[in-house]
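Peer 1: Have a look at this one before I ask anything.
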Amino acid sequence: MLRGRILACSLLVVATSVVGCKRDLGECNLDGQTSDGRPIPGPAAFDIAYRLTDGLPMYEGQALVQSTCGDGAFCHAPAAVGADRIGVPAGLNFDVGLACTVPFDNCDDQGLPYAERLDRLYGNQNQINTWAEGMIQEMRAGAMPPGEAGRSVRNNTPWLRKSDGSELPPIESGDAQEIVRNWLACQAPVIARTEAPPSEALQLEPCQSVDNEICIYNGPEGDLPDPVWSDIYWSLMFTQCVICHGPSNGNNNADDPNPNNPFTTGEIPGGADANALAALDLSGANTMDTTTWPNESWAAVVNALTFDQGLCADDGTIVIPNNPTESIMIEKLRAMQTCGDSMPPGGSQTISDPLIQVVVDWINMGAPNN
């Protein structure tokens with residue numbers, strides 16, 4: 001069992017020094033107690049959070065590290081190459097995304113076989129354990145994530161606590177660093193698989209393990225959007241796609257005047273990948289006000305050939321009205337693409353089936369600009 005594996009605290013080699021975990025990481029707080037059963041206050045390693053858009057569950061520390069370090073195709077993500085790593089050495093990957101996010105019978109339809117993805121998850125977990133002291137030192141020094149470069153590629157979709165529904169704090173805050181510190185001190189436990197709960201009462205409760213991995217049922221998905229382009233845009237395209245397919249103008253912390261901006265801070269994502277922006281621009285003419293972005297970006301998606309740049313050049317159409325099966329957008333959202341990478345990038349499907357079905361319904365209605 002994972003819980004048994006994380007109780008031992010060993011000396012780890014970080015950079016050129018060997019440091020004890022007690023000195024830099026402190027005590028491991030499991031579910032409100034230390035490994036020897038003593039009560040301990042503060043965040044516990046097994047506290048669960050869920051992603052606002054689709055109910056994806058992770059441990060709080062896992063969610064913070066994944067969304068700021070290992071997600072997508074940047075920095076510490078396996079899909080990141082060259083300049084996209086922003087100085088991170090090749091192979092230093094901290095991706096702890098779930099190995100399967102669809103019904104288990106379909107796990108092997110997500111690109112690599114499930115066993116390979118599970119091994120990769122545990123390999124990245126072990127790598128995090130190896131670099132744990134260095135990670136927390138860099139975070140405390142403000143060097144990780146790396147300033148504006150780190151903010152530009154961060155996935156800022158909110159994560160909510162299972163315990164009270166409050167939002168996880170930003171990674172720069174002391175509260176978030178304490179969550180990550182304790183998660184690292186407990187040797188970075190990971191939720192590896194999720195399933196749709198058979199009842200609302202089982203949301204975020206354990207589900208049956210099939211390979212000694214930790215499985216947790218999905219949490220609340222929030223209100224699914226209506227099958228209209230503007231709702232799909234704000235709930236999916238803006239939160240998951242514009243980070244790469246948006247303008248590189250340093251406006252990540254902009255105070256967007258648009259009241260429909262789903263981020264509470266009024267943040268406008270974008271600028272993470274110049275090549276992705278050249279291949280598909282999901283923004284609008286006014287890069288500091290997103291009000292008209294859904295209407296302006298529709299033509300870049302519907303009946304739009306992939307003729308510009310990227311691995312899917314001349315290889316199909318992004319959205320074909322009344323034909324979701326051959327629409328490249330649906331292929332990529334389902335991680336069953338015939339070219340290029342899944343969307344969002346990173347390997348297995350990361351968008352929930354119910355949310356993808358909303359996009360399918362919109363396409364079956366003719367994909368109108370509504």
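The values are calculated or read from the model by the stated rules, or taken from the named source; none is laboratory data. Keep in mind that this is a model prediction, so the values were computed, not measured. Note that we place each Cβ from the backbone using ideal geometry, even for glycine, and neighbour counts take in every protein chain shown.
Peer 1: Could you check Asn369 against (1) modelled with pLDDT of 90 or more; (2) closer than 29 Å to Thr68 by Cα; (3) surrounded by fewer than 19 Cβ atoms within 10 Å (Cβ to Cβ) and say which number it fails?
Peer 2: It is condition (2) that Asn369 fails.
Peer 1: Something else now. Just one of Leu92, Leu56 is under 25 Å from Asp175 (Cα atoms) and modelled with pLDDT of 80 or more; which is it?
Peer 2: Just one listed residue meets the conditions, Leu56.
Peer 1: Quick test for you: out of Gln240, Gln309, pick the one residue that is modelled with pLDDT under 90, in the same structural domain as Ile330 (by TED's automatic domain parsing), farther than 20 Å from Gly147 by Cβ and assigned to a loop (DSSP other than H, G, I, E, B).
Peer 2: It is Gln309.
Peer 1: Pick from Gly270, Gly266: which is closer than 24 Å to Pro225 by Cβ, surrounded by fewer than 17 Cβ atoms within 10 Å (Cβ to Cβ) and modelled with pLDDT under 85?
Peer 2: Residue meeting the stated conditions: Gly266.
Peer 1: Same structure, new question: Is it the case that Leu204 is of a type in the set (A, V, I, L, M, F, W, C), modelled with pLDDT of 95 or more, surrounded by 14 or more Cβ atoms within 10 Å (Cβ to Cβ) and part of a loop (DSSP other than H, G, I, E, B)?
Peer 2: It is true that Leu204 is of a type in the set (A, V, I, L, M, F, W, C), modelled with pLDDT of 95 or more, surrounded by 14 or more Cβ atoms within 10 Å (Cβ to Cβ) and part of a loop (DSSP other than H, G, I, E, B).
Peer 1: Which fully enclosed helices (runs of 4 or more DSSP H) of the range 19-131 have 2 or more residues being hydroxyl-bearing (Ser, Thr, Tyr) and either free of Cβ contacts under 8 Å to residues at least 12 places away in the same chain or more than 22 Å from Arg154 (Cβ to Cβ) (or both)?
Peer 2: So the answer is 114-130.
Peer 1: Look through the range 159-200, keep the residues that are of a type in the set (A, V, I, L, M, F, W, C) and within 14 Å of Gly42 (Cβ to Cβ), and return whichever of them is surrounded by the fewest Cβ atoms within 10 Å (Cβ to Cβ).
Peer 2: That would be Ala176.
Peer 1: Right, next: Looking only at the range 153-174, how many residues end up being at pLDDT below 85 and within 14 Å of Cys69 (Cβ to Cβ)?
Peer 2: Total meeting the criteria: 4.
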